[in-house]
Every structure is written in structure tokens, then in C-alpha cells.
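Notes to accompany the following structure.
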Amino acid sequence: MKHIIIILTFFCTIIQIKGNNNPGKPSERKPKPNIFSFYDFCDVCGCSANGGSMGFSTGLNNNFAGIRYIGQQYRSRDGIFNNSPWIDENFNTFQLWGKIPLGKKFLINALVPYHSHNRKFNDGSTQKINGLGDITLLGYFKIISPQADSINLKTIQHSLHLGTGLKIPTGEFDRENIEGSVNPGFQVGTGSWDYIFAVNYSLTYESWGITTLLNYTIKTENDKQYHFGNQWNYAANVYKVYNLSDKMVLTPQAGVAGEYFDKNREFNLAVPYTGGNVFFGRLGIEAGYKRFAWGVSAMLPVSQDLSDKKVEIKRRLSFYLNMNI
């Protein structure tokens, strides 16, 4: 709770500062799409406790503070055998997040997740866990920036951002949740300091845009001698901006995304039935009105091989509401 209060205070302070620096009628400013706005990454088989991995920047506003919900549905084997019964698992994450500029070349993304997970066993019993997750901070440096209002120019515009950051172990890691389970990601925290490196590239022409990203997370061993595997995220997305009025923008989008996980390690030994990969198709839509942006997206697996096929993701759904600052 202490961490949430600190972040809320930080967001409110930034909103107040930005409001004072924009006199006049800020509510009438035309919303513009964020060029890296359409990804909802979550660590499937080892860091769902991170609650979003690299889904830091979303919404139609360039700089924002907001809230997001991510719902994920999985099933995993209740045992290591191919005929072991399936367990239904639901991962629910509520996030406070923001994107704060620091001058013209730098920006900071912050993400504070709260998790509420549950699963139902074959004998009818259930397990629930909830609590503050791991806070993530990421800094970006703008290598190439598009011209102002480039979305309306009849020229091709490029943008390239390089970023690095870390995930702070503010969430609890419970060793009992990995004993006898083939899905060690049933946690609210990993208990480890993790280091993130990111590259984002976009291309726009008139009202069309393409965004791509590549992220790599180096994970460390926690104080329980458990080490979640390092992770790659990649994605590509196509979108089109419809300016319905001076105050409203609609942006449908479609794309693909993939995630790859190294095997976990415990006491410096590889953990069986961990690691893997998944490839998603994605559809979504975002709407911006005055200072607000609302969005929804759905991701479905096209192919997957998680934990030697003993963990399966069914779907991923997210909703968010942001306010331009």
C-alpha cells in the first residue's frame, strides 16, 4: 500500500505541474496517437507476476497517467505426465502507469501492478493469491523523432527509441506456489531485480502507421535461490488513424506478437518443464476524446510450446483508460 500511495502522489503531482504549464483550453487539444501504443506483453511461464512485462506505453496520448486491466486465461497440467488433469488458471492484473517526458529527448515509463490470481484444481478445490506486484521503471532516449503533427503530413516519418530499465522486487514470491506445480508463474512477484533493454521503431505515412519493438529482460536469482528464465518480446502492428472531429480520434489496429522464455533455474540447476515460446495474433481499437484515451485489445495464440506443452494460454484481454498530462 505504501508503494501505491507514493506512485499515486507522483502521478497527481506531475498532472498538476503539466496542467499549470498548459494554460488556456487544454481539453480542446486534438488527441494524437502514441507511436508505441499497441502492446500488452505479459510473461507467460515465469513472470506473470510482473503483470505486463514491457507493456509500458499505450493510449492515444503522447504523455499520460492512467489505469489498465489485463486478464489472462491459462490451463496447466496438475502433474508432469501427459495424462495429468488440467488446471484452469486466471491471472488478473490492475496497473497504475504513466509516461512522463524529461526534456525533449528523454521519457520515463512507470508501471505499478496489483495482481489477483486464482486457479481451480481437478478435485474442485481452489487457490487464490493477490497483492502488489513488481514495480517497473523504464527510461527511453529518442534517437529519431518525427516532425510535429507528422501523422497528417504526406511524407514518410520515422521514429526510433532506445530504452533500458529495471523491475523492482516489490511483489511477494512464495516458494510454496512452485512446489508440485508446472506453472511457477502463479505468483504476485518474482523476488528478483530484473534488467530490461528495449528498441522501438515506427513508420508513419499520412494516417497509416507501422510500429515494431524488440525487448530483452535479464532476470536474476531471488533470495529463495529461484531464477526465472530470461525473456524476449517482439511485436509488429499496423494501425490507421481516423480523425472523427477536432476532439475525437479512433484508431483500429491489428498485429502479431511473440514471446520467448529461457528455462528457469533453481539452486543453479535447470528446472524441468519450464521455458518455451508463444506467438499471438492481435486486434484492438483505441479512442481519444479531449484529454482522455480509452482502449481495448485481444490477443489469441496462433502457436505455442510452453513448459514442454504442459502450460497453455487461452487468451489475453486488456482495457485501459488514460488521461493526457
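Values in this text are rule-based calculations from the coordinates and carry no lab data. What you see is a predicted model, and the numbers here were worked out from it, not measured in a lab. Because the Cβ atoms are built from the backbone with ideal geometry, glycine has one as well, and the counts that use them run over all protein chains shown.
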With the crude spin-label approximation of a point 7 Å out along Cα→Cβ, what separation in nm comes out for His158 versus Asn83? 5.9 nm
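Can you tell me the length gained on complete extension of the stretch Ile218 to Ile168, counting 0.36 nm per residue apart and subtracting the Cα distance?
Details: separation 50, 0.36 × 50 = 18.00 nm, distance 1.27 nm.
16.7 nm is the gain from fully extending Ile218 to Ile168.
Let's test the formula: R0 of 22 Å, r as the Cβ-Cβ distance of Lys240 and Leu321. What FRET efficiency results, to the nearest 0.05?
Details: r = 22 Å, r/R0 = 1.00.
After rounding, the FRET efficiency stands at 0.50.
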Note, segment 295-305: 3J(HN,Hα) by Karplus (6.51, -1.76, 1.60, θ = phi - 60°), whole Hz, Gly/Pro = x, goes x, 9, 8, 10, 10, 10, x, 8, 8, 7, 8
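Given the pairs Lys219/Lys310; Lys224/Lys263; Lys99/Lys224; Lys142/Lys247; Lys99/Lys120, which span a C-alpha to C-alpha distance of over 25 angstrom in this model?
Details: Lys219/Lys310 23 Å; Lys224/Lys263 17 Å; Lys99/Lys224 33 Å; Lys142/Lys247 27 Å; Lys99/Lys120 37 Å.
Pairs exceeding the cut-off: Lys99/Lys224; Lys142/Lys247; Lys99/Lys120.
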Roughly how many nanometres apart are two label points built 7 Å out from the Cα toward the Cβ at Trp294 and Lys128? 2.8 nm
Go ahead and run the numbers for FRET between Leu269 and Met248, Cβ-Cβ distance against an R0 of 41 Å, rounding to 0.05. 0.15
For labels at Glu179 and Asn118 in the simple 7 Å Cα→Cβ model, what's the distance in nm? 2.5 nm
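For the peptides 196-203, 116-123, 129-136, what is the packing order when you average, over each peptide's residues, the other Cβ atoms within 10 Å and list the highest mean first?
Numbers: 196-203: 19.6, 116-123: 15.1, 129-136: 21.6.
For the peptides 196-203, 116-123, 129-136, the packing ranking is 129-136, 196-203, 116-123.
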